[in-house]
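The values are calculated or read from the model by the stated rules, or taken from the named source; none is laboratory data. If you're wondering where the values come from, they're calculated on a predicted model, not measured in any experiment. Virtual Cβ from ideal backbone geometry, glycine too; neighbours counted across all protein chains shown.
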Amino acid sequence: MKTLIAASAAALMSVSSLAFAQEMRLPQSDYEMTVRIHDHSSGHEQEMEMRHRGGDFRMEGEFQGQSAIVLINVAERMSTILVDMQGTRMALEMPMGDEVSLPLADERFGDVIGTDTVAGETCTVYRIEDEDIPGGEAHGCMTDDNIVLRVDIPDRGTAFEATDFSRASQDASLFSVPEGYQRMQMPGR
């Protein structure tokens, strides 16, 4: 259980990798995408499905052999991990600490260093500066409506990249805890 929680939190950190700030660039569109996340420290790579609706995020994937869904409510600063452990359905609720941010904080964006196309979408490449990133810098490719499609870390490679992307209305039920899940409060990270 603890390894599943740690893996989920690591996935969140891989996606966001920046400090929470009052001014954030929230996506302005609903979307769904498939992403590839590479954890450079462990060498582990995985695919996840990500969705966004009105400031809420949903990530679905496999963490150490266990399927899980992570719901992130930015307004309430709460993340919830949904797991089914041998028929026991649990919703592990954790307040988001200051170290978790999804999406990227305005104050961390540096210069525009180019443009690119990721998963068929044009995006602007920004230099992102943060002491918690290896080397203190990353390059984030973001659409004009604030959707992060790729994050590269110089000398390490791509940490996060959309491989399939679609702007589409998302059903509200996908962003809430389904019936039949036992809610458990976990301490913040």
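Overview of values
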| quantity | calculated |
| --- | --- |
| Residue in segment 45-54 that is nearest to the chain's Cα centre (by Cα), counting only those that are surrounded by fewer than 16 Cβ atoms within 10 Å (Cβ to Cβ) and in contact (Cβ under 8 Å) with a residue 24 or more places away in the chain | Glu47 |
| Close pairs from segment 29-44: first within 26 Å of Asp145 (Cα to Cα), partner surrounded by 15 or more Cβ atoms within 10 Å (Cβ to Cβ) and acidic (Asp, Glu), Cβ under 9 Å, at least 6 apart | Val35/Glu161; Arg36/Glu161; Ile37/Glu161; His38/Glu161 |
| Criterion: assigned to a strand (DSSP E or B), over 19 Å from Met50 (Cβ atoms) and at pLDDT 95 or above - qualifying residue of Gly114, Gly110 | Gly114 |
| Of all residues making up segment 132-157, the number that are surrounded by 15 or more Cβ atoms within 10 Å (Cβ to Cβ) and not in a loop (DSSP other than H, G, I, E, B) | 12 |
| Count of segment 158-189 residues which are closer than 28 Å to His40 by Cα and surrounded by 11 or more Cβ atoms within 10 Å (Cβ to Cβ) | 12 |
| Residues located in segment 64-91, provided they are closer than 30 Å to Arg25 by Cα and without any contact (Cβ under 8 Å) to a residue 60 or more places away in the chain | Ser67, Ile69, Val74, Ala75, Glu76, Arg77, Met78 |
| Qualifying residues in segment 72-104 (those that are in a strand (DSSP E or B), surrounded by fewer than 21 Cβ atoms within 10 Å (Cβ to Cβ) and touching a helix residue (DSSP H, G or I) at 6+ places or on another chain (Cβ under 9 Å)) - the one modelled with the lowest pLDDT | Met85 |
